Amino acid sequence: MKKIILSLMIVSASMMAFSQKKTSTSATVAFDATTAIDDLAKAENKTAIAAIDPSKNTVQFEASIKNFNFSNPKIQEHFNQKTWLNSDEFPKATFSGVITSPSAVNFSKDGTYNVTVEGDLTIKGRTQKVKAPATIVVAGKTLKTNASFNIKLADFGVEGQPITAGKVSAEPKISVSAELN
């Protein structure tokens, strides 16, 4: 009887240990608004915060707007201005969502799982629903995630002459990747 109870306690403890939230402070969020006219509207932020809670199937990301790095400093300056992302008033972009098919991922078994993530993306104080295909790779106690989707800048109050002139895509691609422990 003692062995059965001890075995159950060990199994429960190992399940609880893996079901804890997995986090990263070095996730990457890429912004690609390049067009045929201009390929400079591309940036990366390698200091985003990410979390996945396997027990709740939740996914969260947070990226500081000022940490997006462009190859051209002038574009980075415009990106942070009041007329664009207004990073002084709205310092971060956030995503909070869920894995829509939780049974598609076995967080306790190594493998590559294709899922859909759905939730709320907030940029410049405006929130929009986002649904995106994602990949989750389980490798031991580590999770690796990747997702890509497009947004409409106008939905977040970002408009202007560079978009209408075709220098910046009105619907940039956002890519997110993270290794979570």
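The values are calculated or read from the model by the stated rules, or taken from the named source; none is laboratory data. Every value quoted in this text rests on a predicted model; they were computed, and no experiment measured them. All Cβ positions, glycine included, derive from the backbone under ideal geometry; neighbour counts span all protein chains shown.
Residue-level check: of (1) at pLDDT 95 or above; (2) over 30 Å from residue 107 (Cβ atoms); (3) surrounded by fewer than 16 Cβ atoms within 10 Å (Cβ to Cβ), residue 72 misses just (1).
Can you tell me which residue among 173, 152, 141 is surrounded by fewer than 17 Cβ atoms within 10 Å (Cβ to Cβ), touching a residue at least 40 places away in the same chain (Cβ under 8 Å) and under 22 Å from residue 42 (Cβ atoms)? Exactly one residue qualifies, and that residue is 173. Could you grab me the full set of residues in region 125-138 that are surrounded by fewer than 16 Cβ atoms within 10 Å (Cβ to Cβ) and out of contact with any Asp or Glu (no Cβ under 8 Å at 6 or more places or on another chain)? Selection gives 133, 135, 137.
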